[in-house]
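The values are calculated or read from the model by the stated rules, or taken from the named source; none is laboratory data. Everything quoted here is computed from the prediction, not taken from an experiment. When we count neighbours, we look across all protein chains shown, and the Cβ atoms used for this are built from the backbone with ideal geometry, even at glycine. The area values use the complete protein model at the heavy-atom level, side chains included, leaving out ligands, DNA and RNA. Shrake-Rupley method; radii C 1.70, N 1.55, O 1.52, S 1.80 Å.
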Amino acid sequence: MSTSAHPFAQTRQTFTTASGKSLDFFSLPELAKTYPQIKRLPLSIRIVLESVLRHCDGRKVTQAHVAELAGWLPRASRVNEIPFVVARVVLQDFTGVPLLADLAAMRNVAASLGKSPQAVEPLVPVDLVVDHSVMVDHYGTPDSLDLNMKLEFKRNQERYEFMKWGMQAFSTFGVVPPGFGIVHQVNLEYLARGVHKTPKGRAQAGVVYPDSLVGTDSHTTMINGIGVVAWGVGGIEAEAAMLGQPVYFLTPDVVGFELTGQLREGVTATDLVLSVTEILRQQKVVGKFVEFFGEGTAAIAVPDRATIANMAPEYGATMGFFPVDAQTIAYFKGTGRTRKEIEAFEAYFKAQQWFGVPARGDIDYSSVVCLNLSDVRPSLAGPKRPQDRIDLGDVKAQFASLFAKSPAENGFNQAAERLPLRYGLHALTAPEAVQAAPLAVPVKPGSPRMVVEMVGSRPTLEAAVSAAASTKSLPLAEKGLSLGHGDVLIAAITSCTNTSNPSVMLAAGLLAKKAVKAGLTVQPHIKTSLAPGSRIVTEYLSKAGLLPYLEKLGFNVAAYGCTTCIGNAGDLTPEINAAITGNDLICAAVLSGNRNFEARIHPNLKANFLASPPLVVAYAIAGTVSRDLMTEPVGLGQGGRPIFLGDIWPSSEEIHALMKFATNGKSFQENYAKVATKPGKLWKKIGGAAGAVYEWPASSYIAKPPFFDAFAMTPNAVAAGGSDVHGARAMALFGDSITTDHISPAGAIKEDSPAGAWLKAHGVLKADFNSYGARRGHHEVMMRGTFANVRIKNLMLPALPSGSFEEGGLTLYQLPGTEQGQKMFIFDAAMKYIAAGVPTVVFAGEEYGTGSSRDWAAKGTQLLGVKAVIARSFERIHRSNLVGMGVLPLQFKGTDSWESLGLKGDETFDVLLGDQIKPQQDAVLVVTSSNGKKRSVNLLLRIDTPIEVDYYQHGGILPFVLRQLLAA
Ligand code: SF4
């Protein structure tokens, strides 16, 4: 479309950079002459408005869309959808591979219909960062990184070959190879370049516009820390975005978050983000933008802002947005962006009047939340949810309290008297009970920076350390090692949330240095790992002279990737696993990550605590969460001297003095230049098929997805008209907070699970199973993994004598016949229902689909024949993914729930929607009990926007987009 045809052509203006270069842009100050309200809009809304304005073509984006968003009101009912065309798309490899598989399958469809396969081609830049596949098999040794990467390449060869095919098949598809870092940190340090310029040959060529993106990872929000509007979407929405479709979302409320004051000495960015998460969870910000402002915001550095933005999924917001200001420009300089890029970035934001952190009263927000930074205290979060923040000084008591509480109270359901018991590894069946002895270490009145007033230590720890040290070559059982409740078995400095933040990484190194100098050690059986989100971290830790001390405590670099954060912690030893499962031990992981849901970190570790990197090191030394690090010593140093946290905690002055090593722009430039020039020997060796169309060689990792098997240019009658569901059976009755990891686990594949059986039947050895996450390119594995999390509880099954419910992906088969009422895997039941032509539904409680954006949670649900999910509430991304796969999300009204309706799972269900589906209309659920009695319940249809109605009627977003592309 020519400029003159643009309905708001007068808003195309020029701005000038510091070097005097004149550039075009679509000016919001100019648009504000028509819509003066714009000047008081939240900055995040203004950035979205620029995209809507620039893409206004009268078809996908209309003048009405511009007018609606320009007239955004802080408090209004939210019924309008915004068509947001993003500047680029970012993928990680777990979600990127299935997306590439879908694109490849779409090319197959194009070719089979006699069209050009190249009709399916990303229209915006797409970057895939390979970060999710590396596991911590080796740790604590200098060659850990090398060995783990070799294993990674061996396990993932077929996936990496497929990526190489994608690199040559699609011209806008780039890959950052394994070993460079974690997607969000790489995005922050390298992929984000400030502003873009529309290339020649496109509509609005030469126009400069701000960066924006969607990513197939929920923590894509991390990039909000540098003023980029972005959030995580499912792979299916990302595919649509990369094929030029707008991302549609309901106009959001924007919560202003005012930060005042400053952090106290010894308090970290991790403590801050855990506090922000706790506060915003209580504020219920799901589906809303959060925008930070105020003098406290202006004072905090960009890495701290990025840490806070990272955890937006944990506080439930769509984004945690920070404005662009002088700190952002300083960050761009310190991370090696070019002068030209920085000048254009700064001048553009100033021309739009978006530069600087707003003060109180500058902006009209939907509501305002305040936090005085000086109120933030040292914290951990857990042991099961990231929003459950605990003051550091309360961790011991909280663990003890939850130990004996019921699962309904988030507890571990244990007899309180078992807490102090310890178990020798060689006596699995007969617990070798050792009662905690009286405190053996003298009381210390105080410490330099942390409040430490009294101390206590279980002598069994020291005994175990010295026994382990003196018999280093013996198997663990013979070293006299014992395990107890609360023992830390995994201590991981992991996750982009923190590894992108030099202040906490340097703090970890400084703490390690002081600890080593004081003579503290880490027990060798604790799985310690350091997995930086980029190589820059290792470089500055080395230059600062801190890496050797971390290594001395076992924190050798194990990988540049997600590792423990995504569940790739690797296994514990068989002896330790047996001791845990044989004695029902509640052992712990402490990690600097952002998620700690059940079975995410390790299937046998039930208590998982999120903490800052220095606290991870401290807890590794302590070896237990049952020690109060505010009042008891972290451990015994030289000569048996008790060492307190305050003795080894670094001061902000010490951290600041080393910060220069982490802000060297040249280092960043040299490092990221290697993505193209030195991608690594292992990556270079990977071959890949050539050609525009993929031939799908036999593989247990990659297979042609079945989503387009019955594709026709016109939606079929069932998808178009058959919205009602008749005669459905219940597949599951779930409780609250069913995560996408429950629905589609990313971690280990159990040998006796349907997916394990399928792999074995196809000649894959147990040792080569890899994880569900790595096998997302293969639907046969993923369907079998759906609802297969080892911790998921289907409450349709009868309660156990203990009152709790059996865990694992099980259901009771309901169709009349010999198998009626039998317990079986959900996958097996699903195949029987599909064979019998019977649809199924899933019932759930609050927050269904919370957790990572995971399109397989929706894809797997669809492939198991589930037609509707009926829940008390839905997480944002999963709800839209269900619609995107043609599965109905329906919500109970008021206080209704499957429990209040007394459902048992043996009923038959009809879902009635009427002829013309409308967004958020009423639906009727007709329940027919086993005795034939019928009753009706009103539900809310959670198809939220008109475009979602289209997606649903086309059988999902992918067939919808493909029909558009092939019709063009
Ligand atoms: S480190 Fe964790 S949060 Fe970050 S991308 Fe990896 S899995 Fe996601």
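Give me a comma-separated list of calculated 3J(HN,Hα) values for region 69-82, in order, Karplus coefficients 6.51, -1.76, 1.60 applied at θ = phi - 60°, integers in Hz, x for any Gly or Pro.
Along region 69-82, the couplings run 6, 4, x, 3, 10, x, 10, 8, 6, 9, 10, 8, 9, 9 Hz.
Quick one: pull the percentage of alpha-carbon pairs in the chain with a separation above 41 Å.
Details: 172839 of 468028 pairs.
That fraction is 37 percent.
How high is the relative contact order of region 621-690, in percent, counting Cα pairs under 8 Å that sit 6 or more residues apart? The partial results should precede the final answer.
On the way: 25 pairs, mean separation 10.7, N = 70.
Result for region 621-690 is 15 percent.
First obtain the Kirkwood hydrodynamic radius of region 107-158 from its Cα pairs, then insert it into the Stokes-Einstein equation at 25 °C and 0.890 mPa s, and state the resulting D in µm² per second as a whole number. Each step should come with its number before you reach the end.
Details: Rh = 14.4 Å.
It diffuses with D of about 170 µm²/s by this estimate.
Setting aside same-chain residues fewer than 8 positions from residue 333, which aspartates and glutamates have a Cα under 20 Å from its Cα?
Here the aspartates and glutamates satisfying the reach criterion relative to residue 333 are 189, 211, 304, 325, 341, 343, 346, 539, 670.
Dipole of the chain (Lys/Arg Cβ +1, Asp/Glu Cβ -1, origin at the Cα centre): which of 63, 663, 961 lies farthest to the positive side?
663
Show me the ranking of peptides 877-887, 597-607, 107-117, 940-950 by mean Cβ neighbours inside 10 Å, starting with the highest. Let's see the in-between values first.
Numbers: 877-887: 26.8, 597-607: 23.3, 107-117: 16.0, 940-950: 20.2.
The peptides rank, most packed first, as 877-887, 597-607, 940-950, 107-117.
Give the lysines reachable from residue 340 as a straight Cα distance under 18 Å; neighbours fewer than 8 places away on the same chain don't count.
Excluding near neighbours in sequence, the set is 21, 197, 350, 666.
In debye to the nearest 20, how big a dipole does the chain give about its Cα centre with +1 on each Lys and Arg Cβ and -1 on each Asp and Glu Cβ? Walk me through the intermediate numbers first.
Numbers: 92 positive and 87 negative charges, 306 e Å.
The dipole magnitude comes to about 1460 debye.
Applying a 10 Å radius around every beta-carbon, put 784-791, 219-226, 627-634 in order of their mean neighbour count, most first.
Working: 784-791: 25.4, 219-226: 28.9, 627-634: 23.5.
Per-residue mean Cβ counts within 10 Å order the peptides as 219-226, 784-791, 627-634.
Give the long-range amide H neighbours of residue 253: residues separated by 5 or more places, or on another chain, with amide H under 5 Å away, using H modelled in the peptide plane at 1.01 Å from N.
289
Over the chain, with the other protein chains present, what is the accessible area per residue in square angstrom, probe 1.4 angstrom?
Working: 32740 Å² over 968 residues.
That works out to 34 Å² per residue.
Can you order the peptides 930-936, 770-776 by their average number of other Cβ atoms within 10 Å per residue, highest first? Each step should come with its number before you reach the end.
On the way: 930-936: 9.4, 770-776: 26.9.
Result, highest mean Cβ count within 10 Å first: 770-776, 930-936.
Tell me, what is the percent relative contact order of the chain, built from C-alpha pairs under 8 Å that lie six or more residues apart?
On the way: 2245 pairs, mean separation 126.6, N = 968.
Relative contact order for the chain comes out at 13 percent.
What is the magnitude of the charge dipole of region 830-968 about its Cα centre, with +1 placed on the Cβ of each Lys and Arg, -1 on the Cβ of each Asp and Glu, and no other charges, expressed in debye to the nearest 20? Could you put the intermediate results ahead of the total?
On the way: 15 positive and 14 negative charges, 44 e Å.
Computed charge dipole of region 830-968: roughly 200 debye.
Could you please state, rounded to a whole Å, how far the C-alpha centre of region 268-289 is from the C-alpha centre of region 6-78?
30
Compute the Cα gyration tensor for region 513-654, then decide on rounded, prolate or oblate, letting a ≥ b ≥ c be the square roots of its eigenvalues: rounded whenever a/c is under 1.5, prolate when a/b is larger than b/c in the other cases, and oblate in all that remain. List each step's numbers first, then the result.
Numbers: a/c = 1.84, a/b = 1.21, b/c = 1.52.
Since a/c reaches 1.5 but b/c is at least a/b, the shape of region 513-654 is classed as oblate.
Farthest toward the dipole's positive end in the chain, which of 315, 851, 243, given Cβ charges of +1 (Lys, Arg) and -1 (Asp, Glu) about the Cα centre?
With unit charges placed on the Cβ atoms, the residue in question is 243.
Which number gives the lysine pairs in region 478-625 that have C-alpha atoms under 22 Å apart and are eight or more places apart or on different chains?
14
Let me know the shape class of region 779-822, please: from the alpha-carbon gyration tensor, a ≥ b ≥ c as square roots of the eigenvalues, rounded when a/c is under 1.5, otherwise prolate if a/b is greater than b/c, or oblate. Walk me through the intermediate numbers first.
Working: a/c = 3.65, a/b = 1.12, b/c = 3.26.
Here region 779-822 falls in the oblate category.
Using alpha carbons only, how many angstrom separate the centre of region 639-680 from the centre of region 564-622?
Comparing the Cα centres of region 639-680 and region 564-622, I get a distance of 25 Å.
Please give the Cα centre distance for region 923-949 versus region 192-244, rounded to the nearest Å.
Value for the Cα centre distance between the two parts: 37 Å.
Could you work out what % of the accessible surface of the chain is carbon and sulfur, using a 1.4 angstrom probe and leaving DNA, RNA and ligands out of the count? Don't skip to the end; give the middle numbers.
Working: 17650 of 32740 Å².
About 54 percent, which is the carbon plus sulfur part of the accessible surface.
Would you kindly calculate the mean projected area, averaged across all directions, of the convex hull enclosing the Cα atoms of region 826-965, in square nanometres? Can you show the working numbers first?
Numbers: hull surface 36.4 nm².
Result: a mean projected hull area of 9.1 nm².
Would you work out which of 20, 114, 97 lies farthest towards the positive end of the dipole of region 4-120? Charges go on Cβ: Lys and Arg +1, Asp and Glu -1.
20
Under unit Cβ charges (Lys, Arg +1; Asp, Glu -1), what dipole magnitude, rounded to 20 debye, does region 595-668 have relative to its Cα centre? Intermediate results must be reported in sequence, preceding the final value.
Values: 7 positive and 6 negative charges, 69 e Å.
Once rounded to the nearest 20, the dipole reads 340 debye.
Please label the shape of region 646-714 as rounded, prolate or oblate, based on the square roots a ≥ b ≥ c of the eigenvalues of the alpha-carbon gyration tensor (a/c under 1.5 means rounded; beyond that, a/b larger than b/c means prolate, else oblate).
Details: a/c = 3.38, a/b = 2.37, b/c = 1.43.
It comes out prolate by the Cα gyration axes.
Length gain on complete extension for the stretch residue 695 to residue 400, per 0.36 nm per residue less the alpha carbon to alpha carbon distance?
Details: separation 295, 0.36 × 295 = 106.20 nm, distance 5.67 nm.
Answer, rounded to one decimal: 100.5 nm.
Among the lysines, which fall within straight-line cross-link reach of residue 832, defined as a Cα-Cα distance under 30 Å, with same-chain neighbours fewer than 8 residues apart omitted?
Cα-Cα hits under 30 Å: 704, 750, 760, 766, 793, 823, 859, 867, 904, 933, 934.
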